[in-house]
Amino acid sequence: MADPTKHVQVVVVGGGFAGTYAAKELARHGVEVAIIDTNGYQTFQPMLYQAATGITAVSDIEYPLADIPKVEAIKDTVTSVDLANSKVTLTSGNTIEADYIVVATGATVNFFGTTGAAEFAFPLYTSDDAVRIGQRGKQLAESGENFSVAVIGAGATGVEISGAIIDTLYDLYPRTFPGFKRENVTVHIIDRGAAPLAHMSESSQKYATEVLTKADVNLHLGRGVTEVKSDSVTLDDGTVLAADVTIWAGGLSVHLPSIEPAPEVDSHGRVIIDPDLRISGKTNAYCIGDVSADRKSPLPQLGSVAKQQGIAVAHAIRRQLKGHEPKPFKYEDMGTMAMIRHDAATVDIGTSTHTVNGPVAFTMWLGLHAYLLPGEEHRIQAVRSWAYEQMTGKSKYLLK
Ligand SMILES: Cc1cc2nc3c(=O)[nH]c(=O)nc-3n(C[C@H](O)[C@H](O)[C@H](O)COP(=O)(O)OP(=O)(O)OC[C@H]3O[C@@H](n4cnc5c(N)ncnc54)[C@H](O)[C@@H]3O)c2cc1C
């Protein structure tokens with residue numbers, strides 16, 4: 001609980017990848033920092049697929065912000081950011097004044113106004129979303145009836161959630177529900193583009209198509225969705241596909257508290273930032289992670305970008321505290337990976353593509369996810385737990 005009004009050197013709004021790394025790095029160097037998050041924990045989004053499909057426990061992907069050493073963690077929602085007076089106001093009515101403000105409130109789903117989507121489709125951004133998808137899947141699998149799943153969007157999220165669903169259909173459900181058979185379930189992926197993983201190389205797209213097709217996933221490419229109902233989706237050519245559960249993996253919007261004076265935003269609503277990560281034209285206000293975009297070279301909405309920006313913002317503020325100007329942020333591109341199934345992944349590094357399968361794919365995945373995790377203790381615990389589940393093929397969790 002925050003004091004009704006207080007002052008700190010830095011207030012960080014949002015405790016995702018970007019905010020967590022910023023707060024941790026600032027506190028490590030003795031800067032007084034408060035981090036505010038609606039949930040009070042960081043959600044490790046790259047593992048939402050596994051949580052939604054019962055492969056990982058939900059508690060394994062939520063990290064309490066109170067665990068960050070020497071950081072004041074406040075569970076509350078920031079309703080407004082006053083840049084002129086350098087303060088934020090919370091839902092509780094409390095205000096926090098700060099010498100520096102870092103906005104890192106992340107992304108959320110965008111249904112693009114599709115009829116029925118907000119009501120019937122399941123997004124996948126939070127652990128609550130993962131729990132809802134998991135419970136629906138379990139309910140359908142337990143029923144013993146045939147059912148269909150539609151995944152809308154064949155980008156990284158759509159492909160990876162489809163892969164996790166397939167792994168569950170082949171492994172967890174048959175072991176858990178007597179009488180359940182893979183053949184009971186039809187899986188559709190729908191996308192307007194010509195291939196899955198549009199953001200990756202042609203060879204990665206080809207590999208994803210092969211793996212998904214081999215697992216009997218029906219790909220509907222070059223097609224949009226015009227309506228979602230509780231038991232179907234309608235495509236823009238009039239085709240109606242049965243869908244007992246529809247997962248929305250297409251389209252991004254951002255979380256943004258009211259900011260005064262209003263910053264410039266791009267066509268996705270992301271705050272335009274200068275190369276040094278400051279809100280354009282502001283001297284003591286930064287915006288990082290998924291909610292921000294550099295005017296000239298917007299970066300992809302990725303955990304690796306958010307993590308690097310979090311660390312960079314801490315350096316920038318420390319420079320300012322010493323009377324220097326911040327330096328421009330430089331992203332170190334570590335390549336793009338998509339985990340299509342637990343034993344099939346594709347990685348683009350520079351202009352080359354590496355398709356990997358079996359234990360090598362899993363080891364790369366483990367390395368990347370461990371890199372993103374916040375803190376040694378979480379890293380060790382999670383790696384041990386994921387390694388056991390994936391390498392033995394014995395998923396331990398099924399959402400209650
Ligand atoms: C399903 C899925 C899978 C992904 N897989 C990968 C992957 O494999 N590799 C990869 O690099 N990236 C992946 N990403 C992307 C990655 O998770 C995001 O790029 C990253 O989380 C962005 O970090 P962030 O800190 O900007 O935002 P977030 O992690 O979204 O954090 C924002 C935080 O702000 C809080 N918040 C929002 N509004 C307010 C407010 N007004 N007041 C207080 N708190 C607020 C939220 O509660 C949240 O905790 C994935 C994303 C999803 C959804």
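We did not get these values from a lab; they are worked out from the coordinates using the rules stated. The model shown is predicted, which means the values in this text are computed figures rather than measured ones. Every residue, glycine among them, receives a Cβ derived from its backbone with ideal geometry; neighbour counts consider all protein chains shown.
Could you tell me the ratio Rg/Rh of the stretch 112-250? Both radii from Cα atoms, Rh via Kirkwood. Taking Rg over the Kirkwood Rh, I get 0.95. Scaled against the 2.2 N^0.38 Å expected of a compact globular protein of N residues, the Cα radius of gyration of the chain reads 1.00.
In a DSSP loop and with at most 14 other Cβ atoms within 10 Å, the trypsin sites (Lys or Arg not before Pro) in the stretch 37-134 are LYS70.
Let a ≥ b ≥ c be the square roots of the eigenvalues of the Cα gyration tensor of the stretch 5-80; is it rounded (a/c under 1.5), or, if not, prolate (a/b larger than b/c) or oblate? Present the calculation step by step, with values, prior to reporting the outcome.
Numbers: a/c = 2.86, a/b = 1.95, b/c = 1.46.
Prolate.
Which FRET efficiency value, to the nearest 0.05, do you get for ARG223 and ARG384 by plugging their Cβ-Cβ distance into 1/(1 + (r/R0)^6) with R0 = 35 Å?
Numbers: r = 42 Å, r/R0 = 1.20.
Rounded to the nearest 0.05, the efficiency is 0.25.
Counting only DSSP beta bridges with both residues in the chain, tell me the antiparallel percent, nearest 5. Walk me through the numbers before you get to the answer.
Numbers: 33 of 75 bridges.
So the antiparallel bridges amount to about 45 percent of the total.
The stretch between ALA118 and ILE349, if pulled fully straight at 0.36 nm per residue, gains 79.5 nm over its current Cα-Cα span. Gain on full extension, evaluated as 0.36 nm per residue between ALA66 and ASP266 minus their Cα-Cα distance, stands at 68.7 nm. With each label modelled as a point 7 angstrom along the Cα→C-beta vector, the SER253-LEU321 pair spans 3.7 nm. Along the chain, the longest continuous region that contains none of the GluC sites (Glu not before Pro) in a DSSP loop with at most 14 other C-beta atoms within 10 Å is 1-144. Across the stretch 75-87, coupling constants 3J(HN,Hα) worked out from phi with the 6.51/-1.76/1.60 Karplus curve, θ = phi - 60°, read 8, 6, 10, 7, 8, 8, 10, 9, 6, 5, 9, 6, 8 Hz, and Gly and Pro carry x.
Rounded to the nearest 10 degrees, the inclination of helix 127-143 to the longest alpha-carbon principal axis of the chain is 10 degrees.
Helix 376-392 against the longest principal axis of the chain: what's the angle in degrees, Cα atoms only, rounded to the nearest 10? Value to nearest ten degrees: 10. Look at the alpha carbon pairs under 8 Å that are at least 6 residues apart: their mean separation over the length of the chain gives a relative contact order of 20 percent. Label sites at THR239 and ASN39, each approximated as a point 7 angstrom past Cα along Cα to Cβ, lie 3.4 nm apart. Straight-line cross-link partners of LYS322 among the lysines, defined as a Cα under 27 Å from its Cα and at least 8 positions apart when in the same chain: LYS6, LYS24, LYS70, LYS87, LYS282, LYS307, LYS330.
Rounded, prolate or oblate: which one fits the stretch 198-301, using the alpha carbon gyration tensor with axes a ≥ b ≥ c (rounded when a/c is under 1.5, else prolate when a/b beats b/c, else oblate)? Can you show the working numbers first?
Numbers: a/c = 3.57, a/b = 1.95, b/c = 1.83.
Prolate is the answer for the stretch 198-301, as a/c is 1.5 or above and a/b outweighs b/c.
Taking amide H as placed 1.01 Å from N in the peptide plane, the amide H of VAL109 sits under 5 Å from that of SER253, each at least 5 places away or on another chain.
Divide, for the stretch 75-171, the radius of gyration over alpha carbons by 2.2 N^0.38 Å, where N is the residue count. Don't jump to the answer; show the numbers that get you there.
Working: Rg = 19.5 Å, N = 97, 2.2 N^0.38 = 12.5 Å.
Against the empirical 2.2 N^0.38 Å value, I get 1.56 for the stretch 75-171.
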